[in-house]
Amino acid sequence: MQDQVVKRVVVAGGGTAGWMAAAALAKQLGPLLDITLVESDEIGTVGVGESTIPTARTFNALLGIDEPAFMRATQATFKLGISFENWGQIGDRYIHSFGQVGKSNWMGSFHHFWLQAKAAGFGGELGDYCFELKAAEADKFSVGEGPELNYAYHLDATLYGGFLRKMSEALGVKRVEGKIGQVQQNAETGFIEALVLENGDRVEGDLFVDCTGFRGLLIEQTLKAGYEDWGHWLPTNSALAVQTKSTGPAVPYTRAIAHTAGWRWKIPLQHRVGNGLVYSNEYMSDDEARATLLEALDGERLIEPRVIRYRTGRRLKTWSKNCVALGLASGFVEPLESTSIHLIMIGVTRLMQLFPFTGFSEAVIARYNQQAVDELEKIRDFIILHYKLTERTDSPFWDRCRTMDVPDSLAHRIELFRESAQAFQAPGELFQVDSWLQVMLGQRLQPTGYHQMGRLMPPEELRGALSGLSANIARAVGGLPGHQAFLERYCGISAA
Ligand SMILES: Cc1cc2nc3c(=O)[nH]c(=O)nc-3n(C[C@H](O)[C@H](O)[C@H](O)COP(=O)(O)OP(=O)(O)OC[C@H]3O[C@@H](n4cnc5c(N)ncnc54)[C@H](O)[C@@H]3O)c2cc1C
């Protein structure tokens, strides 16, 4: 048996990525490793990233986290999906929920039956067949009582970091406070040997996890991993974030409301609301963005809005030599579908699966990097879809989005759906058929053809089956408590 040569893991950065990495490594591989995390209070964290997707629950399970305690500590609420407003055209609204739509069979997805019904003049809305979507619309929620909902969380990013820090330190992670001034490399191999702090302390390691945010202090500034820019497909490059007091019960979904040069988010937490404006500074000045955001706020402002500038794209290598980048250091696709925290989770999970105990293998590194590219490119395509499918003609920004060329991989999916109503989930892809469907139909992509399996049923039978399904969902939703009431009971909190 080969000896373990990689034992000392140094996590550079203590934002969401750093503490997620430290907590997961300590929980799962702790006895085999010696983990140190370096963070700088002076630099701080990006302070956004509050909306998750259901894989956040998988991550919590991996860490053995008690849900109500986690929700209390992070002031979390439940999330069933995202409400997209003004995307297809001004006035439109659809919910991309985490649910499955209807019942599919081996030949095709449920929506082909629904399209058959629509052609015959009945069938209602596709959303009538999705439990999570109807529950979101009705502001209802429960867990552990009655039919299962697929859900995620909205959480306070700063509190989440603190929660994971406490957990990591209890699991033996050593925290070092200080600003990294220099990254020392081996003169021959270029491998990183130590982080030298501005106070002169050296933190040595065998494996370095770069969680230093957009600056990518190790992966880019030191190892020059390179960056592929996706700004021509995803034109936003700026965000303004601000927190407000809650003005009413928390809804179980994120709101993503399009404006003339991007979109605005609204994320309800227990103690406050996270608000932000995503925009392209080519089409909207920072001052205009600030005014647009402030005008839209409906609660008392708790902090001053601040501009966050970003560059959409990916590092050419997220694992280079003895350094793995996670979080913003690894690349960034804008937050429209709340995928960044998920990518941190997948990245650290993959690192644990491929952990280089006995040394660094180019084959293992290549495997890690290939999987990272595959999953990120598919997420990228899904986000571009929202911009490309707009019918808005009210601003140069939307004109550009509507008329832009998209990656071939996405152009094929759009064509496929337009001609045949076929959608698919590629191997290793995050978003399922139901996600593609909800967004494509939600943004008015009308298929000209569909699978004819619905014609194998007499119309009355099809009508009966569909109305039975939607009635079951309506009944189940009717039996759910309100989201706010459930949240208070579940977390043992009192109303604000
Ligand atoms: C506008 C916006 C909205 C977003 N919304 C969502 C969302 O809804 N859902 C989602 O999943 N994701 C979202 N994200 C992404 C999410 O914010 C990040 O993935 C997440 O916060 C992880 O950030 P990070 O830890 O990589 O970086 P950061 O939070 O920037 O942390 C970097 C850390 O490195 C440390 N550091 C840096 N340099 C040094 C140094 N020289 N010495 C010592 N320490 C150093 C800092 O002190 C800090 O601790 C959003 C991002 C943006 C920009």
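The values are calculated or read from the model by the stated rules, or taken from the named source; none is laboratory data. Note that this is a predicted model, so its numbers are computed, not measured. Cβ sites come from the backbone with ideal geometry, for glycine too, and all protein chains shown count toward neighbours.
The numbered conditions (1) in contact (Cβ under 8 Å) with a residue 24 or more places away in the chain; (2) farther than 27 Å from residue 157 by Cα are all true for residue 381 except (2).
Among the residues of the range 371-408, which ones are of a type in the set (A, V, I, L, M, F, W, C) and in a loop (DSSP other than H, G, I, E, B)?
The answer is 389, 404, 406.
The set of residues from the range 307-334 being closer than 13 Å to residue 236 by Cβ and of a type in the set (Ser, Thr, Tyr) comprises 310, 312. Among the residues of the range 171-185, those identified as surrounded by 16 or more Cβ atoms within 10 Å (Cβ to Cβ) and within 10 Å of the ligand (Cβ to nearest atom) are 176, 178, 180, 183.
In the range 419-435, the residues that are of a type in the set (Ser, Thr, Tyr) form Cβ pairs under 9 Å with partners that are in a loop (DSSP other than H, G, I, E, B), at six or more places apart or across chains, as follows: 420/447; 420/448; 420/449; 420/450; 420/451; 435/98; 435/423; 435/425. Looking at 188, 220, 193, just one residue is within 26 Å of residue 369 (Cα to Cα), acidic (Asp, Glu), touching an Asp or Glu at 6+ places or on another chain (Cβ under 9 Å) and away from the ligand (no atom under 16 Å from the Cβ), and that residue is 193.
Checked across the range 222-233, the condition of being assigned to a strand (DSSP E or B), crowded, with 21+ Cβ neighbours inside 10 Å, under 21 Å from the mean Cα position of the chain (by Cα) and not charged (D, E, K, R) holds for no residue.
Filter the range 411-426 down to the residues that are aliphatic (A, V, I, L, M) and assigned to a loop (DSSP other than H, G, I, E, B), then identify the one that is surrounded by the fewest Cβ atoms within 10 Å (Cβ to Cβ).
Of the residues in the range 411-426, the ones aliphatic (A, V, I, L, M) are 411, 414, 416, 421, 423, 426.
In the following step, the residues that additionally are assigned to a loop (DSSP other than H, G, I, E, B) were identified as 421, 423, 426.
Working: 421: 23, 423: 22, 426: 14.
Applying the filter and picking the extreme gives 426.
Selection within the range 293-332: residues that are β-branched (Val, Ile, Thr) and over 26 Å from residue 269 (Cα atoms). The member of this set that is surrounded by the fewest Cβ atoms within 10 Å (Cβ to Cβ) is 312.
Considering only the range 299-348, how many residues are among the aromatic types (Phe, Trp, Tyr) and within 12 Å of the ligand (Cβ to nearest atom)? Before you say what the answer is, go through the steps one by one.
In the first step, residues of the range 299-348 are kept if they are among the aromatic types (Phe, Trp, Tyr); the result is 310, 319, 332.
Within this subset, residues satisfying the condition of being within 12 Å of the ligand (Cβ to nearest atom) are 310, 332.
The total comes to 2.
The set of residues in the range 44-66 that are under 21 Å from residue 81 (Cα atoms) and either at pLDDT 95 or above or surrounded by fewer than 17 Cβ atoms within 10 Å (Cβ to Cβ) (or both) comprises 50, 51, 52, 53, 54, 55, 56, 57, 58, 59, 60, 61. Say whether the condition of being β-branched (Val, Ile, Thr) and either in contact with a Phe, Trp or Tyr (Cβ under 7 Å, 6 or more places away or on another chain) or loosely packed, with under 15 Cβ neighbours inside 10 Å (or both) is met by at least one residue in the range 427-434. Yes: one or more hits.
Only residues that are outside any helix (DSSP H, G or I), crowded, with 18+ Cβ neighbours inside 10 Å and more than 15 Å from the chain's Cα centre (by Cα): list them for the range 143-170, please. Steps first, please.
From the range 143-170, those outside any helix (DSSP H, G or I) are 143-156; that's our starting set.
Retained after the next criterion (residues that are crowded, with 18+ Cβ neighbours inside 10 Å): 149, 151-156.
149 - this is the single residue of the range 143-170 that is outside any helix (DSSP H, G or I), crowded, with 18+ Cβ neighbours inside 10 Å and more than 15 Å from the chain's Cα centre (by Cα).
Please verify whether residue 47 is within 16 Å of the ligand (Cβ to nearest atom) and of a type outside the set (Phe, Trp, Tyr), treating the condition exactly as stated. The answer is yes for residue 47. Does the range 18-29 contain at least one residue that is within 12 Å of the ligand (Cβ to nearest atom) and over 19 Å from the mean Cα position of the chain (by Cα)? Yes, the conditions are met somewhere in the range 18-29.
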